[in-house]
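Right, one structure below, let's go through it.
The values are calculated or read from the model by the stated rules, or taken from the named source; none is laboratory data. Bear in mind that the values here come from a model prediction, so they are computed numbers and not experimental data. Every residue, glycine among them, receives a Cβ derived from its backbone with ideal geometry; neighbour counts consider all protein chains shown.
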Amino acid sequence: MTTDFKDVMSQRSDEELIKIVTIQRNDYQPLAVESAEEEIKKRGIDTTKVEEIKTDLEEKIEEEKEFDSKKVNSLTRLFNFIIDSIIILIVTLILEFIIGLFYNTDNQSIIRLVGYFILTFTFFGYYIFMEYKFQKSIGKFITKTKVFRADGERAQLGDTVARTFCRLIPLDRLSYLFTSNGFHDRLSNTTVIKEDKK
């Protein structure tokens with residue numbers, strides 16, 4: 001057993017070892033902690049470096065806790081969804097009206113097909129443009145929330161595209177009843193948090 005822990009700990013980075021023997025000490029078996037301490041000695045990591053890394057890790061943990069405390073609840077997500085759905089519907093109807101002025105047909109299949117195309121175009125265009133450009137949709141402007149990557153960094157174009165496609169997953173909206181990060185957040189590695197008050 002001790003040999004197994006030694007093998008495992010020898011593959012850990014300096015930062016991981018220090019995390020195990022300091023911050024996460026109570027999360028590991030005593031033999032694992034002992035093996036981590038031995039590995040630290042074996043590598044010649046001095047106590048000053050251990051304290052520096054421990055301080056950095058504690059700061060990161062505090063930042064993560066602060067970031068997590070800003071995540072919005074399911075009710076706010078529902079408001080965002082309702083507001084954004086209304087906006088998308090209004091834009092879709094306006095675009096259908098404008099196109100109807102230039103192209104008129106009585107064929108219901110074509111009218112339906114054009115309607116679906118415009119709705120799809122509006123849906124993707126709205127979310128990708130708004131969340132990439134402003135980090136928020138109109139719903140999020142109203143509820144004073146923003147989209148970020150799960151690591152706290154600004155969401156990039158790829159993140160917003162993935163996020164928008166994941167919104168098409170069946171039952172995506174219901175996933176927020178059970179967790180604050182539903183399917184389209186989890187799969188795109190993004191989240192929505194409250195804006196900082198200035």
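Cβ-Cβ contacts under 6 Å between residues 6 or more apart (or on different chains), taken from a first residue in segment 37-56 that is over 15 Å from VAL8 (Cβ atoms) to a second residue that is assigned to a loop (DSSP other than H, G, I, E, B), are listed as LYS54/THR22.
The residue of segment 1-51 that is surrounded by the fewest Cβ atoms within 10 Å (Cβ to Cβ), among those that are within 17 Å of ILE61 (Cβ to Cβ) and either charged (D, E, K, R) or not assigned by TED's automatic domain parsing to the domain that holds ILE61 (or both), is ASP27. Among residues of segment 166-183 being part of a helix (DSSP H, G or I) and surrounded by 15 or more Cβ atoms within 10 Å (Cβ to Cβ), the one that is modelled with the highest pLDDT is CYS166. Here GLU64 passes the criteria (1) under 30 Å from SER175 (Cβ atoms); (2) at pLDDT 85 or above except the one numbered (2).
Note on segment 56-93: residues that are within 15 Å of ILE142 (Cβ to Cβ), in contact with a helix residue (DSSP H, G or I) (Cβ under 8 Å, 6 or more places away or on another chain) and surrounded by 12 or more Cβ atoms within 10 Å (Cβ to Cβ) amount to 11.
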